[in-house]
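The values are calculated or read from the model by the stated rules, or taken from the named source; none is laboratory data. Note that this is a predicted model, so its numbers are computed, not measured. Note that each Cβ is placed from the backbone with ideal geometry, even for glycine, and that neighbours are counted across all protein chains shown.
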Amino acid sequence: MTTAENSRLQAALTADEPLNWVITGDSITHGLVHTQGGRTYPEHLHELIRGELARTRDILINSAISGHKIVQILADFDRRVASWNPDVVTLMIGTNDCSTAVATLEPAKFGASIAEFVARVRALGAVPVLLTPPSVDVAAAPERARIGAFAQAIRDVAARDDVLLVDQHARFAEIGHGGVPWGLMNDPFHPNAAGHALLALELAKVLGIRPEPSRTLPLLQAQVAAASLNP
């Protein structure tokens, strides 16, 4: 974990100056359909920051778009990220990028695009946070069999460029005993409401968001624990 940017983020979370948070990515972050009306991980983050931390002047923007890949986010960077004058930018991407259904993108080129995204975020003066995508049921979605290589490309960028990393892929695989935790999924690669609870917990942990006492965190933990009983 990047010491300088983490220290900067922790200081910002206890300061009076409001923060602008941009949360971007693909359909998982967009959060339509697959939670069946339940809250998505950006909405849980909103509850934790503007509710439990009482940072009521902070603004959270979800600019994710279903079906998108890193190349589209970079092409629309000004609208999706820069125009919001962000202090913190989170990115979870890779589930569509790894697909061979339409065109094949190599993990190395994907990693170069992730590094470009990080550089652009830092040029804005914001703190970048990278999230690996959840694991995929490869038997049901064979076109996304390379998801592990794309998650590793994100890890590699985070390690090389000293970026805050939330390894959602590793956590989902851990609960799924090396595969997919079906109790947390709505289909082969979209998390359900319980899956979004886990995404929120992992993100909050890395960001250092630990309200005490918390109404939300125990509820999310219980939701994940119950869903994990269905392997």
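What to note about this one:
- A103 being under 16 Å from the mean Cα position of the chain (by Cα) and closer than 21 Å to P188 by Cα: no
- For the stretch 11-36, taking the residues that are of a type in the set (G, A, S) and in contact (Cβ under 8 Å) with a residue 40 or more places away in the chain, the one that is surrounded by the most Cβ atoms within 10 Å (Cβ to Cβ) is identified as G25.
- Any hit, the stretch 93-103, residues being surrounded by fewer than 17 Cβ atoms within 10 Å (Cβ to Cβ) and in contact with a Lys or Arg (Cβ under 9 Å, 6 or more places away or on another chain): yes
- K69 vs. criteria under 17 Å from the mean Cα position of the chain (by Cα) and charged (D, E, K, R): yes
- Of the helices (runs of 4 or more DSSP H) lying entirely inside the stretch 140-231, those containing at least 1 residues that are closer than 19 Å to L45 by Cα and touching a residue at least 12 places away in the same chain (Cβ under 8 Å) span 168-175, 193-207, 216-228.
- In the stretch 83-110, the residues that are without any contact (Cβ under 8 Å) to a residue 60 or more places away in the chain and over 24 Å from V206 (Cα atoms) reach residues that are buried (at least 20 other Cβ atoms within 10 Å of the Cβ) and of a type in the set (D, E) with C-beta atoms within less than 7 angstrom, at least six apart or across chains, in these pairs: L105/D97.
- For the stretch 51-70, the condition holds for at least one residue, the condition being that it is of a type in the set (K, R), touching an Asp or Glu at 6+ places or on another chain (Cβ under 7 Å), under 30 Å from P142 (Cα atoms) and at pLDDT 95 or above.
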